[in-house]
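First up is the structure itself, then whatever we jot down about it.
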Amino acid sequence: MVLVRNLKLTILSIGYCFENMKAAVFREYNKDPLQVVKIEDIDMPKIKPNEILIKVESAGYNYNDLWAIWGEPVKTPLPHISGSDVAGVVVEVGEEVRNFKQGDRVVSHSNMSCRVCDMCTSGREYDCPDRSIWGFQTGPLWGGFAQYTHLPEVNVSKLPDNVSFDQGAAISMVGMTAWHMLVGRAKIRPGQTVLIMGGTSGVGMAGIQISKLYGCDVIATAGNKEKMDTCLGLGADSVVNHRESDWYKKVRELTNKQGVDVVFEHIGKSVFPQEVGLLKMGGTLVSTGATTGYDSAIDLRYLFFKGTNLLGSTQGTKAELDEVLYWTNKGKIKPLISTTLPFSDMAKGHVMMANAEQIGKILTTPHKL
């Protein structure tokens, strides 16, 4: 048994003993990912004493990958490697690393913070003034869409045995983000009615399942019948088509004109005014994105007459990531995977995401060209 383990570790340790690796790199901004994202040979990472080198077995796409390629709303470092969600195997650890070893199965925690400011030491690392999102704002050439990547020990979590690499990559960021929105910020409780916008998106599918885990009634929205049926399969109690102009009226009808306790929002301008109007007295809207635009109007009467709570939310803590992995390991949260692309065709995933073609998460496998 000892010989077998030593052999495995030897294979791991020699598996990266070369100077180059494959990575998905873009060197300029462009609205068309197919024009700029190319698979290139780049230097292998050299880890710092507090870092871990990871062989990436699976990597998940997020909308911030598109923002990075577009160069808006913020300019990302160039040349750039996107990718904030990875699952893989530890192949090397720095001399200061204490909790990981070669061969460990791990996932990334993409919220990078200083760990020493007042925000971080009070458990609010997502509010750190020096916070950045790994694979989006980091670089040059530091993200998850590569055969190997590196992260500080504090930005790595162990992947439970019952969770596959694909499942880990599919749930890590979106699950943590949804958990922070609903549990950390909105503080959902049993019996509440929660409206999950975009139920088959990455955060949406996690939001449905987390809300049901907490005993809430869930109304989900989706853009076509297939996606609506998927929401019901994930546990939603009812679903409406948010592409229909009167979608919000149907939500109100489902609540007997009472409205909802919590709105789980990440769509933005096209639906925001209607979402606010759907809240009960003292209801809460929690937002983590705005894929249809940022400059939304709001009727302030809803805010002060109804005692409305408008909450912002971004990323989450490593403890919240571990909570999501725990429930995924128990089978209570099941990642929804749309497709897994070979690394040579991985830029197609960006186009699929921009066109909202997928149901669930898109993945790529860097070691499978």
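Quick notes
- Residue in the range 220-237 that is in contact with a His (Cβ under 8 Å, 6 or more places away or on another chain) and either more than 23 Å from Val183 (Cα to Cα) or assigned to a helix (DSSP H, G or I) (or both) present: yes
- Residues being at pLDDT 95 or above and within 20 Å of Val106 (Cβ to Cβ) are represented in the range 66-82 by at least one member.
- Here Thr365, Thr328 are screened, and the one residue that is at pLDDT 95 or above and farther than 29 Å from Lys212 by Cα is Thr365.
- Which listed residue is touching a strand residue (DSSP E or B) at 6+ places or on another chain (Cβ under 6 Å) and either closer than 19 Å to Gly207 by Cβ or not acidic (Asp, Glu) (or both), from Met119, Met112: Met112
- Just so you know, in the range 240-270 the residues that are within 28 Å of Asn64 (Cβ to Cβ) and of a type in the set (D, E, K, R) include one that is surrounded by the fewest Cβ atoms within 10 Å (Cβ to Cβ), and it is Arg243.
- Criterion (in contact (Cβ under 8 Å) with a residue 24 or more places away in the chain and over 21 Å from the mean Cα position of the chain (by Cα)) met by exactly one of Val286, Val276: Val276
- The numbered conditions (1) in contact with a helix residue (DSSP H, G or I) (Cβ under 7 Å, 6 or more places away or on another chain); (2) touching a residue at least 60 places away in the same chain (Cβ under 8 Å); (3) closer than 30 Å to Gly123 by Cβ are all true for Thr200 except (3).
- Test for Ile210: is it among the aliphatic types (A, V, I, L, M), crowded, with 19+ Cβ neighbours inside 10 Å and assigned to a loop (DSSP other than H, G, I, E, B): no
- All positions within the range 143-195 that are within 30 Å of Met21 (Cα to Cα) and assigned to a loop (DSSP other than H, G, I, E, B): Gly143, Gly144, Phe145, Gln147, Leu159, Pro160, Asp161, Asn162, Val163, Ser164
- Close pairs from the range 246-257: first under 17 Å from Val276 (Cβ atoms) and free of Cβ contacts under 8 Å to residues at least 60 places away in the same chain, partner in a loop (DSSP other than H, G, I, E, B) and hydrophobic (A, V, I, L, M, F, W, C), Cβ under 7 Å, at least 6 apart: Tyr248/Leu278; Val251/Leu278; Arg252/Leu278
- Scanning the range 31-65 for residues that are touching a Pro at 6+ places or on another chain (Cβ under 7 Å) and either of a type in the set (A, V, I, L, M, F, W, C) or closer than 18 Å to Thr340 by Cα (or both), we see that the one that is surrounded by the fewest Cβ atoms within 10 Å (Cβ to Cβ) is Leu53.
- Evaluated against (1) touching a Cys at 6+ places or on another chain (Cβ under 6 Å); (2) free of Cβ contacts under 8 Å to residues at least 12 places away in the same chain, Asp229 falls short on exactly one condition, (1).
- Where Ala170 falls short, out of the listed (1) buried (at least 24 other Cβ atoms within 10 Å of the Cβ); (2) modelled with pLDDT of 95 or more; (3) more than 19 Å from Thr364 (Cβ to Cβ): (3)
The values are calculated or read from the model by the stated rules, or taken from the named source; none is laboratory data. Computed from a predicted model, the values in this text were never measured in an experiment. Counting neighbours? That spans all protein chains shown, and the Cβs are built from the backbone with ideal geometry, glycine included.
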